[in-house]
Amino acid sequence: MNYDILDQRLLTAPHDIEIPKRLARLQELAQLGLGDRPDPEFDAFAARLAAAANAPYAMVNFVGDEQQYFAGLYGPTSTKADALEAASSASRETPGRTMSREHGYCPHVVVRRKALVLDDVCAYPRFAVNPVVNSIGVRSYMGAPLIDRTGTAIGTICVVNTEESTWGRSGLEMIKSMASEVMDLIHRREQQPR
């Protein structure tokens, strides 16, 4: 299939009617120091997620109206910053931690409110044309939404690989379970006295 002539609509993030609700919720979390800056606990979680999925990259991702922010990030030491910086937005506050909402697969997971496993992104025209396929060599993706106590999908946890993967149903169950762990962590932090 020739992906160069596909409909331009395949290249954009899905329509998201919950953006105002999500932005308000992300603002509340930012006041607690969550979701708008690198977080060592989320970085450690991303490393554990990458190991569980046998993938080179993993993120704890908060999805805004124009960009995504990786509060937790794991990748190969020698290429993580270079690869993610190539796909990141113009923000230089935390290089490699931001990406346009138009790039990647997490915005689809947030809108769907369901986990997504793509063992080979090139097998799906909608996902094969995503800019991250060429910019950082994404070949497989697995993500689950972070749905908080208010029912708002605030972001995702995800893993990506530069090779095809065989995550299947067991990967789906694993990433959903780990998304619950992140939400438990966020809820515990919300309950801590300030």
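Would you check which residues across segment 149-170 are under 23 Å from Asp36 (Cα atoms) and at pLDDT below 95 and list them? Please lay out each step first, then the result.
Just the residues of segment 149-170 that are under 23 Å from Asp36 (Cα atoms), to begin with: 149-160.
The answer is Arg149, Thr150, Val160.
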Worksheet item: Can you name the helices (runs of 4 or more DSSP H) wholly within segment 124-194 that have at least 2 residues being basic (Lys, Arg)?
Response: 168-191
Worksheet item: Could we say that Ala123 is among the hydrophobic types (A, V, I, L, M, F, W, C), surrounded by fewer than 17 Cβ atoms within 10 Å (Cβ to Cβ) and modelled with pLDDT under 85 here?
Response: no
Practice prompt. Taking the residues in segment 19-44 that are part of a helix (DSSP H, G or I) and aliphatic (A, V, I, L, M) as candidates, determine which candidate is nearest to Leu73 (Cα to Cα).
Written response: Ala44
Worksheet, complete the sentence: Picking from Glu102, Glu85, the residue that is in contact with a Pro (Cβ under 9 Å, 6 or more places away or on another chain), assigned to a loop (DSSP other than H, G, I, E, B) and at pLDDT below 85 would be Glu102
Worksheet entry | Leading residue by the ranking (least open to solvent (accessible area, probe 1.4 Å)) among those in segment 27-69 that are hydrophobic (A, V, I, L, M, F, W, C) and farther than 26 Å from Met174 by Cβ | Ala30
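Has segment 130-145 got any residue that is of a type in the set (Ser, Thr, Tyr) and in contact with a strand residue (DSSP E or B) (Cβ under 6 Å, 6 or more places away or on another chain)? Steps first, please.
Looking only at segment 130-145, we keep the residues that are of a type in the set (Ser, Thr, Tyr), and these are 135, 140-141.
Checking which are in contact with a strand residue (DSSP E or B) (Cβ under 6 Å, 6 or more places away or on another chain) leaves us with 140-141.
Yes, there is a match, as at least one residue in segment 130-145 is of a type in the set (Ser, Thr, Tyr) and in contact with a strand residue (DSSP E or B) (Cβ under 6 Å, 6 or more places away or on another chain).
The values are calculated or read from the model by the stated rules, or taken from the named source; none is laboratory data. Small disclaimer: the values here were computed from a predicted structure and weren't measured. A quick note on method: Cβ atoms are made from the backbone with ideal geometry, for glycine too, and the neighbour counts reach across all protein chains shown. Remember, those area values only see protein heavy atoms, side chains included, never the ligands or the DNA or RNA. Shrake-Rupley method; radii C 1.70, N 1.55, O 1.52, S 1.80 Å.
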